[in-house]
Amino acid sequence: MTCSVKKTLRRSDIRRRPAISFPALPGRAFWLGLTLAGSLLSASVVTSAPSPIQNDFSDHAVLATLPDMSPDLSSTPDNVEALADEVQQLIGQARSTGDPRFLGYAERLLQDWPEAGFTDRLRVLRATLAQSLHRFDAARQDLERVLQTTQQRQQRIQSRLTLANLELVQGNYGKARQHCQELAGIYPGLIAASCLAQTDARTGQADAAYAHLQAQQASASNADLTGQLWAEGTLGDLAAQLDLDSAAVHWGIVLQQSPDDLYTRTQLADWHLQAGNLQATLALTEGYKQVDALAVIRAIALREAGAPAAEALADSLRERFAEAQWRGTLLHQRDFARFQLDIENRPTLALKHALANWETQREPMDTRLALRAAHSAGDQPALERLHQWLAQYDQIDQRYPEAP
Amino acid sequence: MFRPIPLPLLTVFLWLLALANPVLAHKASDSFMYLDTDSRQFRIDVALRDLALLVPLDTNRDGEVTGGELRQHRGAILAAIEAAITLSADNTACQLRGEESGISQHSDGAYAATRYQVLCDGGQAPDSLNYQLLFAQDSLHRGLIQISAGNESSLAVAGPDSQTVDLRPAGRAGLWHSFTTFLWEGVVHLLIGLDHILFLLVLVLPASLSRNDSITSPQRWLPSRAQIIELTGVVTAFTVAHSITLALAALKIVSLPIAWVETVIAASIVVAAVNVVWPVLGRKTWPLAFGFGLIHGFGFASVLSDLTSGTANLAVALAGFNVGVELGQLALLAICFPLLNLLAQATPLYQRALVPVVLLGVVGVSLMWVWERTPAV
C-alpha cells in the first residue's frame, strides 16, 4: 500500500546495494527504469506523511462529537447481571452503529470478570461477541457448553439460535439444519421457521422455502412482532436469491421498522446496485460513510454514476483500509476485497482476500464476491473450487455470476 | 401464550448479530506514533473520542468536544499519555520534552497530536517502547508505530498482549530482508513464468541465427561481438520498458485490468514468434522487445502487488523485485544462449527444422493462452 511508504529511497541508496553491481549487461537502461521508479515514489510519499499538527482552531470549534452512549468505564459493574446488561447494551450499540470500539469495551469488561463467576447468560454474550470478531471456534465452544449444562430455557434457545446462524454463515448446512430443528422443538414459531427456510434455500430448495415461509408468516399471529420482522428479513434474502422484485419490498419493511439494521441496509443497497438503481443505492447509503460495507457500495455507485464525490470517498476508504493493514488485522476482509475489485481494479489481490474471507464466511455476498473476483482474475482453479462447493450443496443464487 | 420479555429483545438483536457480518465497521481504536531515531523526535496522535474515556474532555456534557474544552484539559491529556508511554535506551527510561501539541486529522476524525524530543542517557537513541494507553478500557485498542532511521522506516504494533516494541532491529535488517525476499521473488517469478521465458526465447532466437564467424572461431558456443550487441539491445529494451510500467503500476499511477494484460502478454508471444519468420514488424527485435516489454511490466506488477500488501517499504520491494527479474533473465540467457549457439553450429537442421518447430510450438501454446485468458465480456 502506498500509504505505508513513508520514506523516499534516494538514488544514492539504491546504488549502494551490492546485489545490483552484478553483471553490467542491461546496465544503464536498468538504472533509468529504477531511477524513474525512485522519483515517482518520492511524489507519492508526500501524501502519506502524517497530517500536520494544527493549533489554529477557535475555542468554539467543535473538534469531535462523542457517541450518544458514552460508556462509563470508570467503574466495573459489581454484580453479574449488571455486567451482562452492560455488555449486551455495548454489543447492541456496536450493531446499530457499526462501530467496533464498543466491542472492545465489552470484551474488556468480560476479560476483567473472573472465569469462575461466569453465568450462562454471560457465556452466550461472550460467544456473541466472539462471533462478531470472527472468532467462530471460540463462539462455538461457549455455546456448546451452555447447551450441555444450562437449566435455563431462554439461554438454551439463545444458544441454539446463535449456533444455527453461525453454522449457516459458515456454510455448514447439515449442522445448521440440526440446530434449526432443535430450535423448532423448544421454541416453535417464525424464528425457527426462518432458520429452516434459510437452510433449505441454500441447499437447492429456494422456491419451496420462499413459498412455505410466506404461508407460515401469513398464518402466524401479528402480535409476534419480532418473529414477523425476522421472517420478513428472511423472505427478503430468499427473494433476492430467486431474483424476485419482492426482495426490495421485504427488506424495505424491515428497514422501516428498524432503520439501524445495517445488515438489511447493506443487502438492499447491494441489491439496487446490482440492478443498476444507482439513485436508490445512493439514498440507502447516504450518511453511512463510517460503515465500511455501505461506504464501499456507495463508492462504487458514485463512480458508476460519474459523480465528482466518488474519488473523495474512495480516497478516504483507501486511508481507512491502509490503517487497518498497518494494524495487521483486516476485520472487514470482504469489504477490502470488494474495494480492490470494483474500485482499485486489482482482481488478483481482491481474489486473495475474497477467498481468505470465504474460508470462514460463506454467505451469498461472500460467495458472490469470491466468484466475481475469481472470474475477473481468470483464476480457473479458484472458480472450480467455488463451483464444486456450490454443486455439493446444490446452491443456486441468481445473484451469482456465471454459475455453472 | 408464552412471552418471555428479555428474549424478543435479545433475538432482534441476534438477528443483526448472527447474520450481520458487514455490520462491523467504522474503525477500531488506534493511536498513531511516529519515531525518528536520528532526530530523536517522537509524535503521538490519540483520537479525541478515545481520550474522552480517560479525561473528562466534555466539560459541559453536550456530547461535543470543543477547542476550548481541549485547551482546558491539555495538561490532563498530556499527563495521561505520558503516564502510559515509556521510551527507553539500555533499560533506562528516557525523558520526553514536549515541543508542540495540537490536533491532527485521521480517517475517523480529530486526534490530539503531540510532538516530543526524546532525551535518553548519554544521548542514545531509544531502543524500546512500552505502550499501555487505553488497554484497560478497550481490548481492541492498538498503538501503531512507525520507526524511521535515515531513509528507512518500518511499522510495528503494540497491543494488550505485546505492550513492548523493540525499536532496534526492525530498521536495517528488516529492509535488507525485504529487499532480498523480493529479489528472490523476482527471480522465481521470471523463471516459473513460462510466458516471459517464451517471449525472451523468441526474441533472442534471431540472434542465434546471425552468427557468421563460426568456422574460424574455436569456441563456437561463445556469443560473438555482434551477437552480444544484439542481445544487449534486446534485453535492455525489454528491461527499460517493463521497469517503467512495473513502477507505474506498482505505484498505482496506471492500472490496467489484469485479465486483458495477461491476454495481451500471450498475444505478444505469438506476434514475436511470427515476426521471426515473417518480419512484418521489422527485422530489428529491440523495438519489439520495448513495445511488448511495456505490457509485460503490468504482468510483473500484478504479482508484486499481491506480495506487497502490508509491506512497509514499497520502494525496497519494487527495487528488489525488479533486480530479481533482471537476474533471472540474465541467468536464463547465460545458460540458454550458448546452448542455442552450439546447436546452430552443430547441425544445419537447427535453422531449417528445429527453429521452425520450436516457433510453431510456441505459437500454439501462446494461442491457447490467448484463448483461455480472454475475459468474457
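Less than 13 Å Cβ to Cβ from A:Ala206, Lys/Arg counted +1 and Asp/Glu -1: what total charge do the surrounding residues give?
On the way: positive: A:Arg202, A:Arg399; negative: A:Asp200, A:Asp207, A:Asp237, A:Asp243, A:Asp394, A:Asp397.
Net local charge, A:Ala206 excluded: -4.
Can you tell me the order of B:55-64, A:167-176, B:323-332 when each peptide is scored by its average per-residue count of other Cβ atoms within 10 angstrom, highest first?
On the way: B:55-64: 14.4, A:167-176: 19.0, B:323-332: 22.1.
Ranking, from highest mean packing down: B:323-332, A:167-176, B:55-64.
Take peptide B:257-265, look around each residue's Cβ out to 10 angstrom, count Cβ atoms belonging to other protein chains, and average those counts.
Numbers: counts 5, 9, 7, 1, 0, 3, 1, 0, 0.
That works out to 3 on average.
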Task: 10 Å binning of all Cα-Cα separations within the stretch A:286-380, expressed as whole percents from 0 upward - done: 17, 49, 31, 3
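Within 10 Å of each Cβ in A:131-139, how many Cβ atoms from other chains are there, averaged over the peptide?
Values: counts 5, 7, 4, 2, 0, 0, 0, 0, 1.
Partner-chain Cβ atoms within 10 Å, mean over residues of A:131-139: 2.
What does the charge add up to near B:Asp195, with Lys and Arg as +1, Asp and Glu as -1, over the other residues with Cβ less than 12 Å from its Cβ? Let's see the in-between values first.
Working: positive: B:Arg373; negative: B:Glu262, B:Glu372.
Net charge in that neighbourhood comes out at -1.
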TODO: Starting from 0 in steps of 10 Å, tell me what percent of the Cα-Cα pairs of the protein assembly as shown lands in each bin.
DONE: 2, 12, 19, 21, 18, 14, 8, 4, 1, 0, 0
Open item on the list: From Cα pairs below 8 angstrom and at least 6 apart in sequence, can you work out the relative contact order of the stretch A:79-177, rounded to a whole percent?
Closed with: 19 percent
TODO: Give the share of C-alpha pairs in each 10 angstrom bin for chain B, from 0 to the last occupied bin, in whole percents, shortest bins first.
DONE: 4, 17, 19, 15, 14, 13, 10, 5, 2, 0, 0
- [ ] Quick one: divide the alpha-carbon radius of gyration of the stretch A:79-177 by 2.2 N^0.38 Å and tell me what you get.
- [x] 1.04
- [ ] Would you calculate the separation in nanometres between label points at A:Arg135 and A:Asp315, each defined as 7 Å from the Cα along the Cα-to-beta-carbon direction?
- [x] 3.8 nm
Task: Hydrodynamic radius by Kirkwood, which averages 1/r over all alpha carbon pairs of the stretch B:65-130, in angstrom - done: 13.3 Å
- [ ] Starting at the first residue of the stretch B:274-288, write each ³J(HN,Hα) from the Karplus equation 6.51 cos²θ - 1.76 cosθ + 1.60 with θ = phi - 60°, in whole Hz, x for Gly and Pro.
- [x] 4, 5, 5, 7, 10, x, 5, 9, x, 6, 5, 8, 5, x, 5
Open item on the list: Based on Cα coordinates alone, diagonalise the gyration tensor for the stretch B:175-373, multiply each eigenvalue by 5, take square roots, and list the semi-axes in whole Å, largest first.
Closed with: 31, 20, 13
Task: Unmatched cysteines, chain B - criterion: no other Cβ of a Cys under 4.7 angstrom - done: B:Cys336
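Using only Cα atoms, what is the ratio of the radius of gyration of the stretch B:263-377 to 2.2 N^0.38 Å?
Rounded to two decimals, the normalised Rg is 1.30.
How high is the relative contact order of the stretch B:175-373, given as a whole-number percent (alpha carbon pairs under 8 Å, six or more residues apart)?
On the way: 231 pairs, mean separation 82.1, N = 199.
Once divided by the residue count of the stretch B:175-373, the mean separation gives 41 percent.
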TODO: Mind checking B:133-143 for the average number of partner chain beta-carbons within 10 Å of each residue's beta-carbon?
DONE: 6
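Report the rotationally averaged projected area of the stretch B:23-170 based on its alpha-carbon convex hull, in square nanometres. List each step's numbers first, then the result.
Working: hull surface 38.5 nm².
The Cα convex hull of the stretch B:23-170, projected and averaged over all directions, gives 9.6 nm².
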Open item on the list: I want to check a number: in the protein assembly as shown, how many lysine pairs have alpha carbons closer than 23 Å, given a sequence separation of 8 or more or different chains?
Closed with: 6
Task: Contact order normalised by residue count of chain B, Cα under 8 Å, 6+ apart, percent - done: 16 percent
Open item on the list: I'd like the Karplus ³J(HN,Hα) series for the stretch B:227-243: coefficients 6.51, -1.76, 1.60, θ = phi - 60°, whole numbers in Hz, and an x wherever there's a Gly or Pro.
Closed with: 5, 4, 4, 5, 4, 4, x, 5, 5, 5, 4, 4, 5, 4, 5, 6, 5
- [ ] Could you work out the local net charge near B:Glu100, counting Lys and Arg as +1, Asp and Glu as -1, over the other residues with Cβ closer than 10 Å to its Cβ?
- [x] +1
Open item on the list: Show me, for the stretch A:359-369, the HN-Hα J-couplings you get by feeding each phi into the Karplus relation (A = 6.51, B = -1.76, C = 1.60, θ = phi - 60°), rounded to Hz, glycine and proline as x.
Closed with: 4, 10, 9, 10, 5, x, 4, 5, 5, 4, 4
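Throughout, read-outs are computed from the coordinates displayed, never taken from laboratory work. Here the structure is a predicted model, which is why all the values come from computation and not from measurement. Glycine also receives a Cβ, built like all others from the backbone with ideal geometry; neighbour counts cover every protein chain displayed.
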